[in-house]
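So the structure is just underneath, and the comments pick up after that.
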Number of protein chains: 2
Amino acid sequence: MRDLREATGAEVRRAARSSELTGPTPGLARGYVQANLVVVPRDIAFDFLLFCQRNPKPCPLLDVTEPGSPEPSSVAHSADLRTDLPRYCVYRHGELVDEPTDILSLWRDDLVGFLLGCSFTFEQSLIEAGVPVRHLEMCRNVPMYRTNIACRPAGVFRGPMVVSMRPMTPEQAATATRVCARFPQAHGVPVHVGDPAILDIHDLDKPDFGDPVEVRPGETPVFWACGVTPQAVALAARLPLLITHKPGHMFVTDLSAADR
Amino acid sequence: MRDLREATGAEVRRAARSSELTGPTPGLARGYVQANLVVVPRDIAFDFLLFCQRNPKPCPLLDVTEPGSPEPSSVAHSADLRTDLPRYCVYRHGELVDEPTDILSLWRDDLVGFLLGCSFTFEQSLIEAGVPVRHLEMCRNVPMYRTNIACRPAGVFRGPMVVSMRPMTPEQAATATRVCARFPQAHGVPVHVGDPAILDIHDLDKPDFGDPVEVRPGETPVFWACGVTPQAVALAARLPLLITHKPGHMFVTDLSAADR
């Protein structure tokens with residue numbers, strides 16, 4: 001397979017469309033904004049849009065498609081949400097039923113696609129600012145935890161905020177906060193720094209999603225609102241049909257991370 | 001009538017609810033955020049919410065109610081959108097049919113209320129910063145103009161951005177920009193400073209909405225995205241039912257303008 005690390009967003013999307021790319025996207029198309037995908041039918045799309053509007057930190061909206069249109073025209077030219085992600089998850093009544101490489105046969109005139117900002121967008125900037133990103137150093141997925149922070153509900157959608165965690169020194173946490181303030185559409189500044197118990201997290205080694213990472217002496221955990229939140233909430237609603245990206249297999253936009 | 005200038009948002013809402021207050025709200029409950037109201041049925045509320053999400057400068061969302069609920073619980077405690085505005089406009093198929101002081105008899109289980117930020121919120125801060133607000137000095141409504149800036153459409157909602165105009169010196173325009181950057185939920189920084197022709201506005205003395213104001217020697221017109229935009233767009237969609245506040249007769253929230 002070609003090296004897609006220096007590719008454009010459009011090149012990664014084309015590789016996914018042709019099924020040349022069926023694996024995860026972190027590290028690909030460096031400098032381009034990657035996004036979480038949630039697809040729901042129009043009859044509950046209002047509730048989901050309202051949920052995102054009420055909870056902008058975990059659910060930063062990058063684009064929402066017109067019902068039936070698979071093209072997120074404001075963030076990716078000539079893209080097709082049905083084919084341009086490497087792999088999808090299809091849920092029926094809250095149960096995972098398939099992980100296809102396209103959703104052409106599932107598409108309907110009433111489906112609405114939501115693209116939500118993702119922390120991959122700020123991690124490169126953290127590294128450039130000298131802040132360690134431990135899960136990347138360890139080649140793992142970021143650890144994620146359910147918290148006691150209730151999202152503001154909307155219609156059928158309700159549930160706790162999920163956070164991601166990156167360990168670093170207090171000085172690095174201050175730098176990370178400054179860096180992430182530039183990325184309000186990628187979760188923005190941390191929601192909490194320090195004692196995990198405040199968030200009702202009692203064992204950092206047992207994340208609810210992703211992989212645990214090492215916290216070194218002198219480091220403190222730093223927590224960000226996480227894009228898994230809207231997916232967890234959508235899943236908990238046990239909708240007749242819900243389609244998302246497979247974790248780590250994101251939609252790559254035409255947006256430059258530097259502009260976010 | 002009591003002097004409501006130093007009243008709280010809740011006190012103004014109570015006065016509107018009892019029909020003690022049926023007139024305009026500018027200058028009342030100073031320091032509290034006032035909001036535009038748009039009420040539409042749920043079946044097109046998704047499109048309208050999407051329109052607002054796609055056009056945040058003219059349509060800064062302060063709150064959206066659950067279908068059927070008249071309480072905008074995140075911005076006003078124990079408020080009721082059916083009674084707590086001094087006066088409403090009721091449109092059917094794009095035609096104004098009534099201007100009642102409550103909408104209790106019109107309310108339905110499928111209605112959704114949208115509260116949108118309003119420039120009244122930043123005008124007091126402009127005055128405190130030494131920037132003139134000419135239409136207040138002249139005791140007039142702010143002049144508003146249709147422009148050649150197309151809003152991003154969503155479903156049935158499409159149309160040009162409407163802007164409000166305040167004349168001031170270039171130095172005051174710089175101050176106003178700095179002040180308004182603090183109010184992203186009240187239209188934020190100006191969309192244009194200077195030559196109105198750039199926006200396809202050819203006679204400042206003939207606003208499309210509101211009243212003309214004097215532009216003095218050495219002053220330049222400064223234009224802000226205006227909350228009349230979503231109303232004009234909703235009206236143009238000629239919906240079977242659309243309810244808004246009567247211009248100038250706003251919903252007063254519990255939010256402090258200083259916090260915006």
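The values are calculated or read from the model by the stated rules, or taken from the named source; none is laboratory data. Here the structure is a predicted model, which is why all the values come from computation and not from measurement. Here the Cβ positions follow ideal geometry from the backbone for every residue, glycine too, while neighbour counts run over all protein chains shown. With ligands, DNA and RNA removed, areas are computed over all heavy atoms of the protein, side chains included. Shrake-Rupley method; radii C 1.70, N 1.55, O 1.52, S 1.80 Å.
Things worth noting here:
- Diagonalising the gyration tensor over the Cα atoms of segment B:120-230 and scaling each eigenvalue by 5 before taking the square root yields semi-axes of 22, 16, 13 Å, largest first.
- Solvent-accessible surface (1.4 angstrom probe) belonging to residue B:125, in square angstrom, nearest 10: 20 Å²
- Largest-first ordering by accessible area, 1.4 Å probe, given options A:98, B:84: A:98, B:84
- In segment B:127-160, comparing the full protein assembly with the chain on its own, the residues that lose 30 Å² or more of accessible surface at a 1.4 Å probe are B:152.
- Between segment B:171-215 and segment A:157-190, the alpha-carbon center distance in angstrom: 35 Å
- If you look at the Cα atoms of chain B, you get an Rg and a Dmax of 17.5, 54 Å.
- Taken over the Cα atoms of the protein assembly as shown, the convex hull encloses 159 Å³ per residue.
- Residue closest to axis [chain A; rotation mapping onto B; Cβ; Å]: A:46, 2
- Over segment A:122-230, relative contact order from alpha-carbon pairs under 8 Å, at least 6 apart, %: 36 percent
- Comparing mean-square fluctuations of B:55, B:148, B:36 from a GNM of chain B with C-alpha springs under 10 Å, the top value falls on B:148.
- Residue B:50 sits among other residues whose Cβ lies under 14 Å from its own Cβ, and their net charge, with Lys and Arg +1 and Asp and Glu -1, is 0.
- Local net charge near residue A:126, Cβ-Cβ under 12 Å (Lys/Arg +1, Asp/Glu -1): +1
- The separation of segment B:4-20 from segment B:44-102, counted between C-alpha centres, amounts to 19 Å.
- Accessible surface of segment A:76-181, 1.4 Å probe: 51 percent of it comes from carbon and sulfur atoms.
- Across the identical copies, the 7 Å label point of residue A:98, projected outward along Cα→Cβ, sits 5.0 nm from its counterparts, in ascending order.
- Placing pseudo-labels 7 Å out from each Cα toward the beta carbon at residue B:8 and residue A:152 gives an inter-label distance of 2.0 nm.
- Peptide B:43-50 shows a mean partner chain C-beta count of 5 within 10 Å per residue C-beta.
- Taking a sphere under 12 Å around the Cβ of residue B:98 and counting the other residues whose Cβ falls inside, with K and R at +1 and D and E at -1, yields a net charge of 0.
- Just checking the listed ones, B:62, B:106, B:242: in the Gaussian network model of chain B with Cα springs under 10 Å, the one fluctuating most is B:106.
- Lone cysteines, chain B (no partner Cβ under 4.7 Å): B:89, B:118, B:139, B:151, B:180, B:226
- Accessible area of segment A:122-230 divided out per residue, in Å², using a probe of 1.4 angstrom: 44 Å²
- Amide H contacts under 5 Å for residue A:254, placed H, 5+ residues apart: A:76, A:77
- Derived scalar couplings ³J(HN,Hα) [segment A:91-108; Karplus, 6.51 cos²θ - 1.76 cosθ + 1.60; whole Hz; x for Gly, Pro]: 10, 10, 6, x, 10, 5, 10, 6, 10, x, 8, 8, 10, 4, 6, 9, 5, 9
- Each stretch of four or more DSSP H residues adds -39500 (n - 2.57); spread over every residue of chain B, this sum gives -6000 deg cm²/dmol at 222 nm.
- Accessible area buried between chains B and A, both sides summed, probe 1.4 Å, in Å² to nearest 100: 1600 Å²
- Accessible area (Å², 1.4 Å probe, nearest 10) - residue B:161: 20 Å²
- Taking all protein chains together and a 1.4 Å probe, the residues A:2, A:152, B:54, B:178 rank B:178, A:2, A:152, B:54 from largest to smallest accessible area.
- Cleavage-rule hits, GluC sites (Glu not before Pro), segment A:152-260, DSSP coil, Cβ neighbours within 10 Å at most 13: A:214
- Relative contact order of chain A, pairs being alpha-carbon contacts under 8 Å that are 6 or more residues apart, as %: 31 percent
- A:145, B:32, reordered so the largest accessible area comes first (probe 1.4 Å): B:32, A:145
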